[in-house]
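Participant: First, the structure itself, so that you have it in front of you.
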Ligand code: SF4
């Protein structure tokens, strides 16, 4: 099948340099081609004239540069279980998993992304260094240092890299590593538009980074403070660039609609549709209080039939506990606006097992669904739930999960009651979320355990047997409440607003 990629920058495959690197994506190419951060990073390095960079995915048949010819490999690490795919990519290329087993003949290997920025400790045996936080600017500096010192030993290169802020280098015993926060002076977009991408031929651009709401469990918010917006003029210019090549536009941002000119951005696209342009626009999940007639008018005109709304918890009490100040009348108003705008449905996103949750909170969720269903007959609502996972560097990092059996009971009850109402519902696996929590609050004793999980196939049983074999007290990481004065494996990562603030916030929210 003939494929079609459009590069929005000049990519030169034949540079006069002997410094080669891979940017590696732990998933198929279709996902990589829909990953904004990954592609932007790739473009930045590809544009530099002193480095040959190739992106490599799980289904890349034969990379252009062989491992022997590489000086550097950078892995994107977005999900807790990405380590499994990363290990298999390393082994497929005959690269030892542990950094200590890779001599100077092997390239330096690093990782970046939200998981390792929040807590790199469990993975510290496997990478030579980690980029902590926004990596857009530092990656080129890393490349330059590695290139300038290509003939030096790994230890010497790592010592030089230590001069850069925002790198965690496990072999150097650093006391503190400051998270990088990028000043957003340019609008970031997918520089390759491809019909092989998961979001086919879609131009994705970032309109806002972070979220000022600071829900107690939310890593996306705490890791990306302060909330930053792209300049309106820049957003419009970037949208125009995308529209030169495709009709499919996706706007990205955890709190998109908080952009001071979001209505104007939507209006700009709406005008184009009115002029006859067949634009399909999608947006990442919206906050309920962002549902305005102006925004929905554009979404409907650009073909969107459903939207995802995160309400997190069913009762106002629990929404307050998690810092999501959202009242039922606001949810009802959002549905009303959506119905009037001609939208077909909402998918509500929520969590179960949040700290302090009781059966009443679960029943409130069902009652809310019932009220919407009765009032807006014909409007399609569905629910997606995950179970609470404590994330490092959030106010809820000290809270353990509820037991798996009790979460499964809650999930079964919710499913039964929602089905009675004729509502589709999905709930993530409490068993998998348990192991996600173990990884999330894991520490630097995890090396053998992770390798064993991988060797045994990476399924639930593999986690269980590996934990047993290596005396990993999984319940301690997943279920226990930690005291505030406990030293945490990720305390050395310096992320604003800092631990004292998180303690205060945790006390304020949960009490
Ligand atoms: S509103 Fe959404 S993105 Fe913002 S802090 Fe809450 S959960 Fe996170």
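Participant: In nm, give the distance between the simple-model label positions of residue 445 and residue 336, each being 7 Å from the Cα along the Cα-to-Cβ direction.
Facilitator: It is 5.6 nm.
Participant: May I pose another question? Given a Förster radius of 25 Å and the C-beta distance between residue 200 and residue 244 as r, what FRET efficiency does 1/(1 + (r/R0)^6) yield to the nearest 0.05?
Facilitator: Details: r = 18 Å, r/R0 = 0.70.
The pair residue 200/residue 244 has a calculated efficiency of 0.90.
Participant: Quick check on the chain: of the DSSP beta bridges with both residues there, what percent are antiparallel, nearest 5%?
Facilitator: Numbers: 8 of 56 bridges.
Roughly 15 percent of the beta bridges in the chain run antiparallel, per DSSP.
Participant: With the crude spin-label approximation of a point 7 Å out along Cα→Cβ, what separation in nm comes out for residue 104 versus residue 172?
Facilitator: 1.8 nm
Participant: Same structure, new question: Relative contact order (percent) for the stretch 322-429, with alpha-carbon contacts under 8 angstrom and 6 or more residues of separation?
Facilitator: Working: 101 pairs, mean separation 33.3, N = 108.
Across the stretch 322-429, relative contact order equals 31 percent.
Participant: Oh, and also: If each of residue 69 and residue 271 carries a label point 7 Å out from its Cα toward its Cβ, how far apart are those two points in nm?
Facilitator: 5.0 nm
Participant: How much length, in nm to one decimal, is gained on full extension between residue 480 and residue 349, taken as 0.36 nm per residue of separation minus their Cα-Cα distance? Don't skip to the answer; put the middle values down first.
Facilitator: Numbers: separation 131, 0.36 × 131 = 47.16 nm, distance 2.58 nm.
Full-extension gain reported as 44.6 nm.
Participant: Can you compute the FRET efficiency between residue 233 and residue 79 using 1/(1 + (r/R0)^6), with r the Cβ-Cβ distance and R0 = 51 Å? Round to the nearest 0.05. If you can, show how the numbers build up before the last one.
Facilitator: Values: r = 35 Å, r/R0 = 0.68.
Calculated transfer efficiency: 0.90.
Participant: Would the stretch 260-335 count as rounded, prolate or oblate if I go by the C-alpha gyration tensor, calling it rounded below 1.5 in a/c and otherwise prolate when a/b exceeds b/c, oblate otherwise?
Facilitator: Details: a/c = 3.02, a/b = 2.62, b/c = 1.15.
It comes out prolate by the Cα gyration axes.
Participant: Distance between Cα centroids, the stretch 48-91 to the stretch 143-194: provide it in whole Å.
Facilitator: Measuring centre to centre over Cα atoms gives 17 Å.
Participant: Sort 384-392, 185-193 by packing, meaning the average of other beta carbons within 10 Å per residue, with the highest value first. Before the final figure, lay out the partial values.
Facilitator: Working: 384-392: 22.3, 185-193: 19.9.
Descending packing order for the listed peptides: 384-392, 185-193.
Participant: Moving to a separate point now. Considering only C-alpha atoms, what is the centroid distance from the stretch 420-462 to the stretch 272-341, in Å?
Facilitator: Centre-to-centre distance over Cα atoms comes out at 31 Å.
Participant: Can you give the FRET efficiency to the nearest 0.05 for residue 492 and residue 413, using r as the Cβ-Cβ distance and R₀ = 45 Å? Walk me through the intermediate numbers first.
Facilitator: Numbers: r = 41 Å, r/R0 = 0.92.
The formula returns an efficiency of 0.60 here.
Participant: Which order, highest average first, do 340-347, 454-461 follow once you tally other Cβ atoms within 10 Å for each residue and take the mean per peptide?
Facilitator: In decreasing order of mean packing, 340-347, 454-461 become 340-347, 454-461.
Participant: Additional query: Rounded, prolate or oblate for the stretch 5-178? Axes are the square roots of the Cα gyration tensor eigenvalues, ordered a ≥ b ≥ c, and the cut-off for rounded is a/c under 1.5. Write out the running numbers ahead of the final one.
Facilitator: Working: a/c = 1.32, a/b = 1.18, b/c = 1.12.
Since a/c stays below 1.5, the shape of the stretch 5-178 is classed as rounded.
Participant: Hey, another quick one. Using mean Cβ contacts within 10 Å as the protection proxy, how do 146-155, 60-69 order, highest first?
Facilitator: Working: 146-155: 14.6, 60-69: 12.2.
In decreasing order of mean packing, 146-155, 60-69 become 146-155, 60-69.
Participant: Right, another one. What translational diffusion coefficient, to the nearest whole µm²/s, does the chain have by Stokes-Einstein, given a Kirkwood radius computed over alpha-carbon pairs, a temperature of 37 °C and 0.692 mPa s viscosity? Walk me through the numbers before you get to the answer.
Facilitator: On the way: Rh = 24.3 Å.
Approximately 135 µm²/s, per Stokes-Einstein.
Participant: Taking every pair of Cα atoms in the stretch 427-479, average 1/r, invert it to obtain the Kirkwood radius, and report Rg/Rh to two decimals. Mind dumping the intermediate values first?
Facilitator: Numbers: Rg = 10.3 Å, Rh = 11.0 Å.
Using only Cα positions, Rg/Rh for the stretch 427-479 is 0.94.
Participant: Need one word for the stretch 201-304: rounded, prolate or oblate. Basis is the Cα gyration tensor (sqrt eigenvalues a ≥ b ≥ c); a/c below 1.5 gives rounded, then a/b vs b/c decides. Walk me through the numbers on the way to the answer.
Facilitator: Details: a/c = 2.10, a/b = 1.69, b/c = 1.24.
Prolate shape, in that a/c is at least 1.5 and a/b is the bigger ratio.
Bear in mind that the values in this text are calculations on the coordinates, not laboratory data. Since we're looking at a predicted model, the values are computed, not measured. So basically every Cβ, Gly included, is an ideal-geometry build from the backbone, and we count neighbours across all protein chains shown.
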